[in-house]
Amino acid sequence: MRHTRKMATLRRSNQLLRSFRFEQTRPEIFYGGLAEDTAALVDNLGRDLGVQLFGARVLDVGGGPGYFADAFSRRGARYVGLEPDAGEMSAAGIHLSNSVRGDGTNLPFADNSFDVVYSSNVAEHIPNPW
């Protein structure tokens, strides 16, 4: 876990926490930074496990308006966002051709459709996350 451990710093945590104050007023600052951090973390985890993010099919369960799409695409991943709320999908004015409306507790995809599946900031929106 050499690559992943390098990310575990107080500086990184501080940056993410400081950006949270913009979550409501300037969400692109908070979610943009969180997206970059998440894509870097997934990329490093993949390297540590011998999996490349470049060319990987990535499913973001609860992708919302798509802040994470660019961060993963810049790393060569083929990103798909899944979101149950059509209003949330367009909330930031981001228009994605690679997003699907669907339920994360009942994925509308065949098994083995994705190499990486992750979720960020979703558990608090699910009535029965367990």
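The values are calculated or read from the model by the stated rules, or taken from the named source; none is laboratory data. Quick caveat, the model's predicted, so the values are computed rather than measured. Glycine gets a Cβ as well: all are built from the backbone with ideal geometry, and neighbour counts include every protein chain shown. Heads up: the accessible areas ignore ligands, DNA and RNA and are worked out on the full protein's heavy atoms, side chains in. Shrake-Rupley method; radii C 1.70, N 1.55, O 1.52, S 1.80 Å.
Taking residues in region 16-36 that are open to solvent by less than 40 Å² (accessible area, probe 1.4 Å) and of a type outside the set (Asp, Glu), and partners anywhere that are outside any helix (DSSP H, G or I) and at pLDDT below 95, the pairs with Cβ atoms closer than 8 Å and at least 6 places apart or on different chains are Pro27/Ala92; Phe30/Glu23; Leu34/Ser120; Leu34/Asn121. Restricting Ala123, Ala69, Ala39, Ala56 to residues that are among the small types (Gly, Ala, Ser) and more than 23 Å from Phe22 (Cα to Cα) narrows the list to Ala56. So which residues in region 116-130 are under 21 Å from Leu34 (Cα atoms), outside any strand (DSSP E or B) and out of contact with any Ser or Thr (no Cβ under 6 Å at 6 or more places or on another chain)? Matches in region 116-130: Ser119, Asn121, Val122, Ala123, Glu124, His125, Ile126. One residue stands out in region 67-115 among those that are among the charged types (D, E, K, R) and modelled with pLDDT under 85: the one that is surrounded by the most Cβ atoms within 10 Å (Cβ to Cβ), namely Glu88.
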